[in-house]
Amino acid sequence: MFGITPSARLRPSPFFEATLAEGVTAFTTYNHMLMPTSYGDPQAEYWRIINGASLWDVAVERQVQLSGPDAGRLAQILCPRDLSKTVVGQGRYVPLVNHHGVLINDPILLKMAEDKYWLSIADSNIWFWAQAIAAERGLNVQVSEPDVSPLAVQGPLAENVVAAVFGDWVRELKYFAFRQTSINGIPVVVARSGWSKQGGFEVYLMDGSKATALWNLMKEAGKPWDIGPGNPNFCERVESGLLSYGGDTDAQTNPYEVRLGKYVDLHVADDVVGIAALRRIHADGPRRHQLGVVWDSTEQASFGFFWYDIFQKGQKVGDLTNCAWSYRLKKNIGFALISRDCKPGDSVEVLKDGKTLTGTLQELPFI
Ligand code: THG
């Protein structure tokens, strides 16, 4: 379609060379980096995640490191989720909000040590945010972006691959739990984690100069399970109801609107950023909620850029924030960020290319 002009502002992933060698055909931008989005055969890449083992360059999931005496204080001030029982080696999914309760990221928080945390971030600049909050609160903490780049292995056979490389102890890891280790002199963190619901691990590379070596090691170990390249898969994540911060959220979205209310603890201290606003939003009830839409047509629809207005009886009631052809359901399915008045079972419409598509709302996930 068109090329990409290299620039110092667009940082390559340390796995860039390895993904080129695998035949990457498309990228998206994320945290001022390029993330592979296809290797040329979307259907094969999808079924590999559903049935096999898939290797993903997700170095764009950057780590914002909080370290020093007040690292734990800053982590809790940034996160409206109670972290008091979080232990070293544990990860938690946390919504980050601004002072108005608006979602500004949805990272995984990893407690590396009593005085060191990583926020493994989605696509927004939390490095600036954490530095600003730390300075305003007078905290003794360093905020940095260390040389750490996640490589995901996802799919039902991923555990066999990761166990073959690191040992059977990985099979005992609980969800989001992790351990620091090394393989062939490559320092890594191994976590049970990843942006799919098919199971799997993330290997956080802690030395970017060893990226190709790590990629090839995983690839070689994965051969018995027919491992191949992949990426955070659009169809799988829509079927599974996984949220994309920035994709499914806008400048007003709060955690309650997008099914993240269960990760908010309203009893955290009053100095947690946004907690007063979240208490208010919770008491009033959010205006919108997030539902799935199954479109009636059994023909694959191609949407391109989002969002699309959703109508009910000629009135705009919300937005279609994504839509994918589901290979398993054989329907077009998407997420609606929609008025609370709209309920599962309701019929809705979208105008596309001069035609009206009709569909039905339902609870997420689809599968
Ligand atoms: N891995 C790492 N960093 C990341 C992501 C990742 N940073 C950006 C982005 N992904 C963060 N967003 C999510 C969203 C959902 C999940 C993980 C990261 C997830 N959710 C499960 C669910 O919704 O069912 C379970 C959450 C729970 O119940 O605790 O896994 O993928 N390193």
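Since every read-out is calculated from the coordinates, none of them should be taken as a lab result. Source: prediction; values computed, not measured. Every residue, glycine as well, gets a Cβ built from its backbone with ideal geometry; the counts of neighbours run over all protein chains shown.
Residues in segment 222-246 that are within 21 Å of Val24 (Cβ to Cβ) and of a type in the set (Gly, Ala, Ser): Gly222, Gly228, Gly230, Ser244. Pairs linking a residue in segment 220-245 that is small (Gly, Ala, Ser) to a residue that is more than 16 Å from the ligand (Cβ to nearest atom), with Cβ atoms under 7 Å and 6 or more positions apart or on different chains, are Ala221/Val161; Ala221/Ala164; Ala221/Val165; Gly222/Ala53; Gly222/Val161; Gly228/Arg48; Gly230/Glu45; Gly230/Arg48. Any chance segment 187-205 includes a residue that's part of a loop (DSSP other than H, G, I, E, B), touching a Lys or Arg at 6+ places or on another chain (Cβ under 9 Å) and more than 18 Å from Val60 (Cα to Cα)? Yes: segment 187-205 contains one or more residues that are part of a loop (DSSP other than H, G, I, E, B), touching a Lys or Arg at 6+ places or on another chain (Cβ under 9 Å) and more than 18 Å from Val60 (Cα to Cα).
Of the residues making up segment 42-75, those that are away from the ligand (no atom under 16 Å from the Cβ) and under 18 Å from Gly91 (Cβ atoms) are Ser67, Ala71, Gly72, Leu74. Is it the case, given these coordinates, that Pro80 is within 30 Å of Gly230 (Cα to Cα), surrounded by 21 or more Cβ atoms within 10 Å (Cβ to Cβ) and either within 13 Å of the ligand (Cβ to nearest atom) or in contact (Cβ under 8 Å) with a residue 24 or more places away in the chain (or both)? Against the criterion (within 30 Å of Gly230 (Cα to Cα), surrounded by 21 or more Cβ atoms within 10 Å (Cβ to Cβ) and either within 13 Å of the ligand (Cβ to nearest atom) or in contact (Cβ under 8 Å) with a residue 24 or more places away in the chain (or both)), Pro80 does not qualify. Only one entry of Leu20, Leu66 meets the criterion of being surrounded by 14 or more Cβ atoms within 10 Å (Cβ to Cβ) and either under 16 Å from the mean Cα position of the chain (by Cα) or not hydroxyl-bearing (Ser, Thr, Tyr) (or both), and that entry is Leu66.
Only strands (runs of 3 or more DSSP E) whose full extent lies in segment 81-151 are considered here, and the ones with at least 3 residues that are closer than 17 Å to Asn31 by Cα are 103-105, 116-120.
Only residues that are within 15 Å of the ligand (Cβ to nearest atom), of a type in the set (A, V, I, L, M) and within 16 Å of Ser13 (Cα to Cα): list them for segment 189-213, please. Scanning segment 189-213 gives Val203, Leu205, Met206.
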